[in-house]
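Structure record follows, encoded as C-alpha cells.
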Amino acid sequence: MRILAVGSYPPPFGGVATVIKNIHKSELNKEYEMKVFNTLNKRKDKYLTKYVMILLFEKIFDILVQTFNFIHTLVHFKPHIVHIHVSYGWGWIQKSFYLLLSRFFSKRSILHIHAIDPNGGDRNSDYYFPIFWNIKYVFPPNFIFSIADAIIVESKILYKHMKKTTSNINLHLVPNGVFMDNFSSKSNFLETKVIYFLGGLYHEKGIIELIESFQIVRNKYDNCILVIAGNGPLKKIVEAKSKNKLDSKIFYLGKVSEKKKLALFSLADIFVLPSHMEELPLTILEAMSSSLPIIATKVGAIPEVVKDDVNGYLIEPKSSKILSDKMLALLQNSEKSSEFGINGYNKIKREYDMSHISKKLDLIYNSII
C-alpha cells in the first residue's frame, strides 16, 4: 500500500515537520511504501520590501508550480491514501485544495489537524478552531471535514470539541509521538543549573515573561543560566538580553540543529514553555523523554501531558511571578526535580513513544481502504 504524506518536511525542524518525519521514519515505513510531498516553499522573499508586484507574481508562480507537482505526484506515485497535515491560515486553504484534488483523483484521504486558530471557531467553547465558516478560510471547514475519509486530531480537548460541533465524520485521536531512544537522560552534573527554552521567538510563546521571570530567579539563585534556542520576530530582543552584561546568564543560541537540540536536552535541568496558546507541543514530549521536569502553561493539550506536581508545574499564561517561583522551587529541590523527570519519562514511554503512535495510524490506514 502506498501512503503520500502532504506537509512541510525538515529541515527546518518545526513541529508539524517533525511529526511528519517521525511518522515517515517509524515502523510504518517497513509496512507501507511512503512518500512525502513537501509543501514548504524554501524560496527566500528577497524582493519583499521593494518589489511587491514581483513578490506577488513569484507567489502565484510558486502556487501553480506546486499544484502541478502535486498532481504529478498523485498520477505517478499512485497513492492509495493521501495523509494531509494541516493547521490554519494559509495552510488551511492550501491543504483543503489538495484534499479536493485528492478526492478528484479518487484517492482515500486523511486530514490530520495540528493546530488551533486563536481567532476562529466557537468563542464560547474552551477551544478555538475554525469550525464555522469564515471568509478567510475560503473552504468551509465542515464541508472539508465531510469529504475526508478520516480526520485525526492530536489532543483530547480538540477531539471533544469536534465531536460536539461536527457530525458524520470519522474522527480519531492520535497524539504526537517521539522516538524515545533518540533522547538520553541528563548528562550535566555541573553545579550550574540550566533552564532551557526551545521554540519560536514569538510573544505567544511567552518568551518575554520567561526572561522577566529569570531576572527574578537570578536575584535569589545565582548559580543558574537560561539557555534559549529558536528563531522568530523577537530574536533581536533576546539577542540584546544575552549580550547585556547585566543579563550575562542568558545564552541565546539561535536556531539549532537536530543534533544540537538533543545535546541541549541532555545538558538541561529544567524545561520551560510558558506559551499563551499551544496544541500538543513536541518540545514538551522531547523534554520529558530526556527526564526533564517541566514548567508550562495550562493551555491547549499541555495539561493532558504535564500533570501538576507530578511531572512538572502548570501555571497560568503571562504569570511572571508564579513562573519564577516554580523555577526556584525546582532549582532548590533536586529531589523533587528528579522525581518529576522520572514520572514524565514513564508517561511518555507508556503513551507517546512512536511504537504506540505507529500502531494507531496503521489501524486507521487499514480501516479506510
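The values are calculated or read from the model by the stated rules, or taken from the named source; none is laboratory data. Just so it is clear, the structure is predicted and the values come from calculations on it, not from any experiment. Reconstructed Cβ throughout: ideal geometry from the backbone, glycine too, with neighbour counts over all protein chains shown.
Of the numbered conditions (1) closer than 19 Å to Glu204 by Cβ; (2) touching a residue at least 40 places away in the same chain (Cβ under 8 Å), Lys298 fails exactly one; give the number of that condition.
Single failed check for Lys298: (2).
Would you check which residues across the stretch 344-369 are touching a strand residue (DSSP E or B) at 6+ places or on another chain (Cβ under 8 Å) and either assigned to a loop (DSSP other than H, G, I, E, B) or free of Cβ contacts under 8 Å to residues at least 12 places away in the same chain (or both) and list them?
Scanning the stretch 344-369 gives Tyr352, Ile368, Ile369.
Looking only at residues in the stretch 173-211 that are assigned to a helix (DSSP H, G or I) and surrounded by fewer than 17 Cβ atoms within 10 Å (Cβ to Cβ), which one is farthest from the chain's Cα centre (by Cα)?
The extreme case among them is Asp181.
Out of all the residues in the stretch 220-227, is one or more in contact with a strand residue (DSSP E or B) (Cβ under 6 Å, 6 or more places away or on another chain) and in contact (Cβ under 8 Å) with a residue 40 or more places away in the chain?
yes
Counting only residues that are surrounded by 13 or more Cβ atoms within 10 Å (Cβ to Cβ) and within 19 Å of the chain's Cα centre (by Cα), which one in the stretch 212-233 is nearest to Leu331 (Cα to Cα)?
Across the stretch 212-233, the extreme among qualifying residues is Ile228.
Is the stretch 121-135 home to any residue that is out of contact with any helix residue (DSSP H, G or I) (no Cβ under 7 Å at 6 or more places or on another chain), within 27 Å of Thr18 (Cβ to Cβ), modelled with pLDDT under 95 and assigned to a helix (DSSP H, G or I)?
no
Within the stretch 288-343, which residues are among the acidic types (Asp, Glu) and in a helix (DSSP H, G or I)?
Initially, the stretch 288-343 is screened for residues among the acidic types (Asp, Glu), giving 304, 308-309, 316, 325, 335, 339.
If the condition is that a residue be among the acidic types (Asp, Glu) and in a helix (DSSP H, G or I), then Glu304, Asp325, Glu335, Glu339 are the ones that fit.
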